[in-house]
Amino acid sequence: MVDYPEERGMKNMEWIQIAITTTPEGIDPLCGILMDLGINGFEIEDEGDFHRFLEENKQYWDYVDEELLAQKHKETNIKIYISNNESGAKQLRAVRERINVLKTENPELGQLEITLVNMSEEDWAENWKQFFHPLKVGQRVLIQPEWELADEQEDRVVFTVNPGMIFGTGSHHTTQLCIEQLEHVIEPGVR
C-alpha cells in the first residue's frame, strides 16, 4: 500500500451525506449545480429510472424481490458526500445557497429539501460485508469470506478470500465456471 503524506490521518474520516429531494425533471439541473460547485460524485435515486431499467432488461431477470421494489418506492433524490470538517462546511453552505436559488426560480423541481446524515468511513468500508456469505461452487468448493467460519459438516474444499481485494466475491459466472472446470482437472495432492 502506498502511503501518501497528504492522506495520513484520513483513515476513518467522518463524512456528511447530503440528500436533496427533487423530481425526475430536477435531476439534471441539480446535478449541474453540484458539478459547478466541484462536486462530481453523486448517487441518484429515481423510482422511474429503476422501473425503466427493469423494463429494458427483462431478458436478464425473472423475479424482482418485493423488498427491493419497496426500497425504490420513494421521492427522487440525489445524495452527495462531503467531509465533516471546515472544507465540507463551506461546501454545504454553497450547496444550500444554490439550492435556495433553484427552489425560488423553479418550484416545479419539487421541495428541494436537504437532509443531512453523519457517516463514518468505517461504516462504508465494513457494512457491505453483511451481504457476502459463504458460496458453494460446483460439487466440492466453498468460497468463504475471511470473517465467517465454514460449516465443518460440509465436505468441500474451503477457499478463504478477502472479497474486497483482487479476487472479488467469486459470484461472477466466469469465476464459477473456471472453478467448476478445475474440479475435473485437480486431483488430491496437486497444488
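The values are calculated or read from the model by the stated rules, or taken from the named source; none is laboratory data. Because the structure is a prediction, the values reported are computed rather than measured. Cβ: placed from backbone, ideal geometry, glycine included. Neighbour counts: every protein chain shown. These area figures cover heavy atoms from the full protein model, side chains too; ligands, DNA and RNA do not enter into them. Shrake-Rupley method; radii C 1.70, N 1.55, O 1.52, S 1.80 Å.
Need one number: nm distance between label points at Arg96 and Lys129, each 7 Å from Cα along Cα→Cβ, rounded to one decimal.
Roughly 3.6 nm, to one decimal.
Given a 1.4 Å probe, how much area per residue of the chain is accessible, in Å²? Each step should come with its number before you reach the end.
Numbers: 13760 Å² over 191 residues.
Value for the chain: 72 Å² per residue.
Between Ala19 and Glu55, what is the FRET efficiency for a Förster distance of 22 Å, r being their Cβ-Cβ separation, to the nearest 0.05? Don't jump to the answer; show the numbers that get you there.
Details: r = 26 Å, r/R0 = 1.18.
Here the calculated transfer efficiency is 0.25.
Could you pull out every one of the lysines with an alpha carbon less than 21 Å from that of Lys58, ignoring same-chain neighbours closer than 8 positions?
Lys72
Could you check the spin-label model distance between Ala150 and Asp28? Points 7 Å from the Cα along Cα→Cβ, value in nm.
My value for the distance between the label points is 5.3 nm.
Calculate how steeply helix 86-105 sits against the longest principal axis of the alpha-carbon atoms of the chain, using the helix alpha-carbon long axis, and give the answer as 0 to 90 degrees to the nearest 10.
60
Pull out the extension gain between Lys103 and Glu187, defined as 0.36 nm times the separation in residues minus the alpha carbon to alpha carbon distance; nm, one decimal.
Working: separation 84, 0.36 × 84 = 30.24 nm, distance 6.77 nm.
Once the chain is fully extended between Lys103 and Glu187, it gains 23.5 nm.
Do you know the relative contact order of the chain, to the nearest whole percent, from alpha carbon pairs under 8 angstrom that are 6+ apart?
Details: 210 pairs, mean separation 49.3, N = 191.
That works out to 26 percent.
Expressed as an acute angle from 0 to 90° and rounded to the nearest 10, what is the orientation of the C-alpha long axis of helix 27-36 relative to the principal long axis of the chain?
On a 0 to 90 degree scale, this one is about 80.
Cross-link candidates for Lys103: which lysines have Cα within less than 23 Å, leaving aside residues fewer than 8 places away along the same chain?
Lys74, Lys79, Lys90
With everything on Cα atoms, drop me the angle between helix 47-56 and the longest principal axis of the chain, reported from 0 to 90° to the nearest 10.
Between the helix axis and the principal axis of the chain, the angle is about 40 degrees.
Treating only the Cβ of Lys, Arg, Asp and Glu as charged (+1, +1, -1, -1), what charge dipole size does the chain show about its Cα centre? Round to the nearest 20 debye. Please list the in-between numbers first.
Numbers: 17 positive and 37 negative charges, 85 e Å.
Dipole of the chain, to the nearest 20 debye: 400 debye.
Compactness ratio of region 8-113: Cα Rg over 2.2 N^0.38 Å, N = residue count? Numbers along the way, then the final one.
Numbers: Rg = 16.4 Å, N = 106, 2.2 N^0.38 = 12.9 Å.
After normalising by residue count via 2.2 N^0.38 Å, the value is 1.27.
Excluding same-chain residues fewer than 8 positions from Lys129, which lysines have a Cα within less than 19 Å of its Cα?
Cα-Cα hits under 19 Å: Lys11.
Let's test the formula: R0 of 45 Å, r as the Cβ-Cβ distance of Thr160 and Ser83. What FRET efficiency results, to the nearest 0.05? Numbers along the way, then the final one.
Working: r = 35 Å, r/R0 = 0.77.
Rounded to the nearest 0.05, the efficiency is 0.85.
Give me, ordered by chain and number, the residues 5 or more places off Val141 or on other chains with an amide H under 5 Å from its own placed amide H.
Amide H neighbours of Val141, under 5 Å, 5+ apart: Val157.
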